[in-house]
Amino acid sequence: MRVLIGNSASQVAKIAAENVLAGLTAHGSGNTPVLGLATGSSPLGLYRELAQAVREGKADFSAARGFALDEYIGIRATHPQSYRQTLISEVCNVIGLPEHFLFTPQGLGETIEEIEAAAANYDQAIAAAGGIQVQILGIGANGHLGFNEPGSALRSRTRIKRLAAKTRQDNARFFEGLERVPTHCVTQGLGTILEAGRLVLVATGAGKAEAIAAAVEGPLSASCPGSVLQLHPDAVVVLDEAAATGLKLRDYYDDAAAGLSNMQLHLD
Ligand code: GLP
């Protein structure tokens with residue numbers, strides 16, 4: 001895992017975007033980038049940086065595929081707070097990813113079985129697209145990834161999950177009252193997320209420090225779903241100073257941030 005710490009919001013966004021673009025080059029095949037997309041405030045700067053790369057001719061998402069991490073159950077895909085609508089306005093319209101190439105889990109159905117079947121099909125759709133090359137992630141204050149709440153199986157697949165009370169409270173600001181916040185969701189599983197070529201997680205602010213310390217340096221545990229990053233061979237965690245305050249190995253991360261560029265190949 002690489003832990004990169006920026007000293008401003010704009011630096012965090014730039015570092016994250018560089019790592020997304022490099023990940024698409026490293027894990028892509030052909031001209032069709034396949035991105036995993038996260039909602040939330042954490043990756044917004046990163047999406048703006050990707051848009052800048054498009055304007056500069058360094059990236060092109062007009063033929064890309066985007067797979068959302070998660071979706072609420074019980075609200076229409078056209079509901080302004082659905083993750084589909086959120087991703088259309090915060091990602092598609094920003095980086096130039098066509099709406100018809102945005103895939104989101106199906107959160108509406110006549111029966112639970114219908115939603116379960118659609119969730120299984122979602123994993124198949126990711127595989128049919130050749131797999132996600134770079135998965136963009138935020139992290140919940142309780143350590144959740146996507147909507148894999150604490151207690152989620154570490155090898156889980158896309159499926160229905162109950163939202164944690166803390167998550168519903170955190171997200172109530174987007175709805176008209178806590179009772180209108182969905183109780184369930186469909187989320188990519190932790191096992192699904194781990195299949196992406198590269199993971200790029202962005203976290204900022206003191207409210208994420210505890211979750212980041214547990215995810216990056218704590219034991220691998222379903223109690224902190226973010227700790228599955230430790231299993232991934234190409235995970236990049238991009239933080240601001242506030243989100244990094246709980247890390248014990250900070251000095252090492254700073255030394256290692258230079259990558260292989262300052263390696264001494266011949267010492268005698
Ligand atoms: C939601 C999303 C997560 C996201 C989290 C953190 O719960 N399902 O994917 O990481 O919010 O959001 P924020 O970045 O706004 O703190």
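The values are calculated or read from the model by the stated rules, or taken from the named source; none is laboratory data. This structure is a prediction, so every number in the text was calculated from the model and none was measured. FYI the Cβ positions are ideal-geometry reconstructions off the backbone, even for glycines, and counts take in every protein chain you see. Surface accessibility is based on the protein's heavy atoms, side chains included, excluding ligands, DNA and RNA. Shrake-Rupley method; radii C 1.70, N 1.55, O 1.52, S 1.80 Å.
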Leading residue by the ranking (modelled with the lowest pLDDT) among those in the stretch 134-169 that are more than 28 Å from residue 25 (Cα to Cα) and of a type in the set (Lys, Arg): 166
List the helices (runs of 4 or more DSSP H) that sit entirely inside the stretch 182-268 and contain at least 2 residues that are surrounded by fewer than 17 Cβ atoms within 10 Å (Cβ to Cβ). 250-256
Of the residues in the stretch 186-199, those that are within 12 Å of the ligand (Cβ to nearest atom) and under 14 Å from the mean Cα position of the chain (by Cα) come to 187, 188, 193
Quick count over the stretch 170-185, residues being away from the ligand (no atom under 11 Å from the Cβ) and closer than 19 Å to residue 208 by Cα, is 1
In the stretch 58-97, which residue that is crowded, with 18+ Cβ neighbours inside 10 Å and acidic (Asp, Glu) is nearest to the ligand (Cβ to nearest atom)? 70
Mind checking whether some residue in the stretch 98-115 is within 16 Å of the ligand (Cβ to nearest atom), part of a loop (DSSP other than H, G, I, E, B), over 22 Å from residue 193 (Cα atoms) and modelled with pLDDT of 95 or more? no
Which pairs do you get when a residue that is touching a residue at least 40 places away in the same chain (Cβ under 8 Å) and more than 12 Å from residue 1 (Cα to Cα), found in the stretch 249-263, comes within reach of a residue that is part of a loop (DSSP other than H, G, I, E, B) and of a type outside the set (Lys, Arg), reach meaning Cβ atoms under 8 angstrom, with the pair 6+ apart or on two chains? 250/244
Which one is nearest to the ligand (Cβ to nearest atom) among residues in the stretch 23-40 that are farther than 12 Å from residue 131 by Cβ and of a type in the set (S, T, N, Q)? 39
Residue 156 fails exactly one of the following numbered conditions: (1) within 13 Å of the ligand (Cβ to nearest atom); (2) assigned to a loop (DSSP other than H, G, I, E, B); (3) within 25 Å of residue 215 (Cα to Cα). What is the number of that condition? (1)
Can you run down the residue pairs with Cβ atoms below 8 Å, 6 or more apart or on separate chains, where the first is in the stretch 120-137 and of a type in the set (Asp, Glu) and the partner is open to solvent by 10 Å² or more (accessible area, probe 1.4 Å) and more than 16 Å from the ligand (Cβ to nearest atom)? 123/157
Check on residue 167, farther than 23 Å from residue 1 by Cα and more than 13 Å from the ligand (Cβ to nearest atom): no
